[in-house]
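Report on the structure given below.
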Amino acid sequence: MAKVAAASKRLPTHLSAYLAGGIAGTPDRFDQPIRARMPLLERYAYLTQIEEAGSFSWKHEIQDLLAAEGGDRSAAMISFDISDEMAHVKYGTKWIPELQKALGDIRTMQRLVEDAREMRERVRWKWKAELPPKADPLAGEAPNRS
């Protein structure tokens, strides 16, 4: 654990937060109430094709750093997490077209994913505007959950 703590000090804030708090420590932990305000199809496309697919590079960085520091068990856990996220991306790739058929949505996957990205930003800023200033979790550093 000391090796993980030492390694995390050399990482950018968002990566060290991931190590310190696990999934709950990631900067996007506030995305759940944002995604909940999105329609099912766009929410699923955003989650699987953007958020989970976009986590591979920085999770590999963490895995490599942990392995280099001798944190083999921690690196193995990150490897498991990466494999889990890969499965989610594959599920999305399989089931999004089925959802589109059921909903009568004729957009290409690329267009749907881009629409989902844009919608998430609109919803995020609308949600943020609804929060009282002191309750704004998107301002500055995320609060410590430990």
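Flag not set for GLY54, criterion: of a type in the set (Gly, Ala, Ser) and either in contact with a Leu (Cβ under 9 Å, 6 or more places away or on another chain) or modelled with pLDDT of 90 or more (or both). Take the conditions modelled with pLDDT under 85 and on the phi < 0 side of the Ramachandran plot and apply them to ALA116. Does it pass? No. Checking each residue in the range 48-76 for being surrounded by 14 or more Cβ atoms within 10 Å (Cβ to Cβ), among the aliphatic types (A, V, I, L, M) and farther than 30 Å from LEU112 by Cβ picks out LEU65, LEU66, ALA67, ALA75. Can you list residue pairs whose Cβ atoms sit under 8 Å apart, with the first residue in the range 94-114 being touching a residue at least 12 places away in the same chain (Cβ under 8 Å) and acidic (Asp, Glu) and the second being surrounded by 14 or more Cβ atoms within 10 Å (Cβ to Cβ) and assigned to a helix (DSSP H, G or I)? Count only pairs 6 or more apart in sequence or on different chains. Hits for this filter: ASP105/LEU41; ASP105/LEU99; ASP105/LEU112. Among the residues of the range 66-112, those identified as assigned to a helix (DSSP H, G or I), over 17 Å from GLY54 (Cα atoms) and aliphatic (A, V, I, L, M) are LEU66, ALA67, ALA68, ALA75, ALA76, MET77, ILE96, LEU99, ALA102, LEU103.
The values are calculated or read from the model by the stated rules, or taken from the named source; none is laboratory data. Just so we're clear, the structure is a prediction, and the values are computed from it rather than from any experiment. Please note: Cβ atoms are built from the backbone with ideal geometry, for glycine as well, and neighbour counts cover all protein chains shown.
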